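Undergrad: Below you will find the structure I want to go over with you.
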Amino acid sequence: MRRRLLALVCVSASLLTGCGLMPGGGTERHTVTVWLMRHSASQEFLDRFTEDFERTHPGLDLDIRIQEWTGIGEKVQTALETAGEDGPDVIEVGNTQVAQYAEGDGLLDLTLESMRDWGRDDWLPGLAEPGKWGTQQYGIPWYAANRVVVYRKDLFRQAGVTAPPKTRDEWLAVTERLDTGGNQGIYLAGQDWYTLAGFIWEEGGELAEERGGVWRGALDSPAALRGMDFYRRLQALGDGPVDADEEHPPQAGVFARGRVAQIVAVPGLARAVVQQNPDLEDELGYFPVPGRTAGKPGAVFTGGSDLVVPANTGSREGAVEVVAALAGARWNTELARTMNYVPNKASLAGSVAGEEGVAAMAAGAAQGRATPITPEWGEVEADNPIKEYMTAVLTGADPATEAGRASRRITETLDFDPR
């Protein structure tokens with residue numbers, strides 16, 4: 001009888017816990033493979049996270065593999081389509097890339113965990129929205145970065161400007177005041193279309209809109225045209241090239257060498273500026289891109305990364321635990337402090353308040369947006385009629401005509417059917 005009772009206990013336990021998984025009974029360990037991108041997190045951060053995660057999850061080992069951005073799209077697609085024990089269980093992807101991976105049913109639906117456990121309603125919209133495909137959440141926000149205004153405190157003082165502007169009208173007035181005596185009020189390249197996107201969104205416009213399942217370019221709407229007009233007026237208060245973007249030439253070098261009062265960039269660009277001109281180390285300040293009213297910053301494009309779980313993962317539970325830890329308040333805050341990122345939730349912004357540039361970025365991130373959530377948007381960026389549109393307007397062409405032409409090209413690209 002005693003042997004039968006022991007056998008029943010053993011069978012019942014195995015049904016509940018699985019063979020070999022009883023506490024203290026030689027727990028079987030599982031490895032969770034995580035693909036993270038180079039420079040997204042420091043090695044010191046990853047070492048601390050791994051040690052803590054494995055200590056608090058005694059049945060799991062982490063295998064973090066660093067990937068390069070170049071060619072990552074094809075590599076991820078291959079991993080999603082190929083089942084194998086050596087494949088990734090968690091992948092860091094760009095926030096605007098989630099749709100292209102989710103479209104082919106390659107990602108695990110994490111909607112339930114997002115709503116029940118992870119506080120989805122508090123996520124930054126610029127990370128959360130592009131992490132959706134349809135109504136389902138596939139991408140889990142990890143960190144964000146967005147543009148702010150980086151300015152020269154010394155040139156502001158010389159012009160008698162005692163505080164950063166709070167509204168777009170004030171920004172134009174201050175920039176005009178700075179644009180004198182051999183100084184550029186602002187260096188704004190003519191094809192900086194990410195900055196233009198923020199101005200369009202601030203006016204209530206869109207780059208493209210979906211209606212009835214069909215995407216169409218929307219640069220020719222009255223709101224989008226107002227955004228372009230603001231860009232034109234601001235860009236004229238400096239000597240930025242009208243036929244090039246912010247990397248041609250790199251605006252960090254222009255800012256470092258010239259008498260430029262402002263640029264629009266991520267705060268991290270200041271490091272490159274100071275490397276080229278150490279005299280500016282104590283003269284750089286930051287403020288959010290101003291909005292139409294003083295009550296809140298202007299809309300900005302939010303870049304950054306989401307975490308996804310391949311549908312073919314062999315370690316679903318372990319993968320979910322890794323995502324929960326990386327995107328949770330403790331380690332997300334640690335990452336933001338370590339790497340000068342914006343945390344994934346507005347409620348965590350206070351954790352980076354001590355760093356001026358990151359604090360300005362976090363304030364702007366609350367108004368952050370992402371590019372249209374469609375897998376074909378990458379093709380639009382590759383062809384990029386927005387840049388050509390901007391140059392045409394800045395060289396005197398009719399804005400409405402050029403916006404209509406660019407919008408039609410966007411529509412043709414988004415509506416492309418290879419069949």
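The values are calculated or read from the model by the stated rules, or taken from the named source; none is laboratory data. Since the model is a prediction, treat every value here as computed from it, not as a measurement. For neighbour counting, all protein chains shown are included, and Cβ atoms are generated from backbone atoms with ideal geometry for every residue, glycine included. Each accessible area value is taken on the protein alone, full model and side chains, heavy atoms only, with ligands, DNA and RNA left out. Shrake-Rupley method; radii C 1.70, N 1.55, O 1.52, S 1.80 Å.
Table: residues versus (1) within 26 Å of Lys296 (Cα to Cα); (2) free of Cβ contacts under 8 Å to residues at least 12 places away in the same chain; (3) surrounded by fewer than 19 Cβ atoms within 10 Å (Cβ to Cβ).
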| residue | (1), (2), (3) |
| --- | --- |
| Ala189 | yes, no, no |
| Asp192 | yes, no, no |
| Trp201 | yes, no, no |
| Leu207 | yes, no, no |
| Gly217 | no, no, no |
| Met228 | yes, no, no |
| Arg233 | yes, no, yes |
| Leu237 | yes, no, no |
| Asp243 | no, no, yes |
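Undergrad: Within the range 136-164, count every residue that is within 19 Å of Ala363 (Cβ to Cβ) and open to solvent by 10 Å² or more (accessible area, probe 1.4 Å).
TA: Final tally of qualifying residues: 7.
Undergrad: I need a count of the residues in the range 83-130 that are in a strand (DSSP E or B) and not aromatic (Phe, Trp, Tyr).
TA: Counting residues in the range 83-130 that are in a strand (DSSP E or B) and not aromatic (Phe, Trp, Tyr) gives 6.
Undergrad: If you go through the range 111-147 one residue at a time, how many are under 30 Å from Val264 (Cβ atoms) and small (Gly, Ala, Ser)?
TA: Within the range 111-147, residues that are under 30 Å from Val264 (Cβ atoms) and small (Gly, Ala, Ser) number 6.
Undergrad: Same structure again: When you scan the range 32-65, how many residues do you find that are part of a strand (DSSP E or B) and not aliphatic (A, V, I, L, M)?
TA: Going through the range 32-65 one residue at a time, the tally reaches 5.
Undergrad: Oh, and also: Would you pick out the residues in the range 169-220 that are in a loop (DSSP other than H, G, I, E, B) and over 20 Å from Glu381 (Cα atoms)?
TA: Asp179, Thr180, Gly181, Gly182, Asn183, Gly185, Ile186, Tyr187, Glu203, Gly204, Gly212, Gly213
Undergrad: On to the next question. Conditions: (1) under 24 Å from Val148 (Cα atoms); (2) open to solvent by less than 20 Å² (accessible area, probe 1.4 Å). Ile373 meets all but one. Number of the miss?
TA: That leaves (2) as the condition not met.
Undergrad: Taking the range 245-254 only, how many residues are touching a residue at least 60 places away in the same chain (Cβ under 8 Å), part of a helix (DSSP H, G or I) and out of contact with any Leu (no Cβ under 8 Å at 6 or more places or on another chain)?
TA: Initially, the range 245-254 is screened for residues touching a residue at least 60 places away in the same chain (Cβ under 8 Å), giving 245, 251, 254.
Applying the additional criterion that residues be part of a helix (DSSP H, G or I) yields 251, 254.
Filter once more, keeping what is out of contact with any Leu (no Cβ under 8 Å at 6 or more places or on another chain): 254.
Residues in the range 245-254 being touching a residue at least 60 places away in the same chain (Cβ under 8 Å), part of a helix (DSSP H, G or I) and out of contact with any Leu (no Cβ under 8 Å at 6 or more places or on another chain): 1 in total.
Undergrad: Considering only residues of the range 165-187 that are free of Cβ contacts under 8 Å to residues at least 24 places away in the same chain and closer than 13 Å to Leu237 by Cβ, which is most open to solvent (accessible area, probe 1.4 Å)?
TA: Per the stated criteria, the residue is Arg177.
Undergrad: How many residues are over 17 Å from the mean Cα position of the chain (by Cα) and either buried (at least 24 other Cβ atoms within 10 Å of the Cβ) or among the charged types (D, E, K, R) (or both) if we restrict to the range 108-135?
TA: 7
Undergrad: How many of the residues in the range 66-82 are in a helix (DSSP H, G or I) and open to solvent by 60 Å² or more (accessible area, probe 1.4 Å)?
TA: The total comes to 4.
Undergrad: Only one residue in Glu321, Glu247, Glu317 is open to solvent by 10 Å² or more (accessible area, probe 1.4 Å), touching a helix residue (DSSP H, G or I) at 6+ places or on another chain (Cβ under 9 Å) and either of a type in the set (Asp, Glu) or at positive phi (or both), so which one is that?
TA: Working: Glu247 fails: touching a helix residue (DSSP H, G or I) at 6+ places or on another chain (Cβ under 9 Å); Glu317 fails: touching a helix residue (DSSP H, G or I) at 6+ places or on another chain (Cβ under 9 Å).
None of the other options fit; the residue is Glu321.
Undergrad: Oh, and also: How many of the residues in the range 117-132 are under 11 Å from Ala327 (Cβ atoms) and touching a Ser or Thr at 6+ places or on another chain (Cβ under 7 Å)?
TA: 2
Undergrad: Sticking with this structure for a sec: Which pairs turn up if I take residues in the range 123-134 that are more than 20 Å from Glu202 (Cβ to Cβ) and look for partners that are of a type in the set (A, V, I, L, M) and open to solvent by less than 10 Å² (accessible area, probe 1.4 Å) with beta carbon separation below 6 Å, at least 6 apart in sequence or on another chain?
TA: Gly131/Val98; Trp133/Ala99; Trp133/Ala102
Undergrad: Let me ask something else. Check Glu355, Glu412, Glu381 and return the single one that is touching a residue at least 12 places away in the same chain (Cβ under 8 Å) and open to solvent by 40 Å² or more (accessible area, probe 1.4 Å).
TA: Criteria check complete, one pass: Glu355.
Undergrad: Filter the range 31-61 down to the residues that are open to solvent by 80 Å² or more (accessible area, probe 1.4 Å) and under 15 Å from Gly318 (Cα atoms), then identify the one that is nearest to the chain's Cα centre (by Cα).
TA: Arg55
Undergrad: Can you find a residue in the range 329-347 that is under 30 Å from Trp215 (Cα atoms), among the aromatic types (Phe, Trp, Tyr) and open to solvent by 20 Å² or more (accessible area, probe 1.4 Å)?
TA: no
Undergrad: Condition (residue is more than 26 Å from the chain's Cα centre (by Cα) and of a type in the set (D, E, K, R)) applied to the range 377-393: is it met by at least one residue?
TA: No.
Undergrad: If you don't mind, there's one more thing I want to ask. So which residues in the range 286-311 are of a type outside the set (D, E, K, R) and surrounded by fewer than 18 Cβ atoms within 10 Å (Cβ to Cβ), if there are any at all?
TA: Scanning the range 286-311 gives Thr293, Ala294, Gly295, Ala311.
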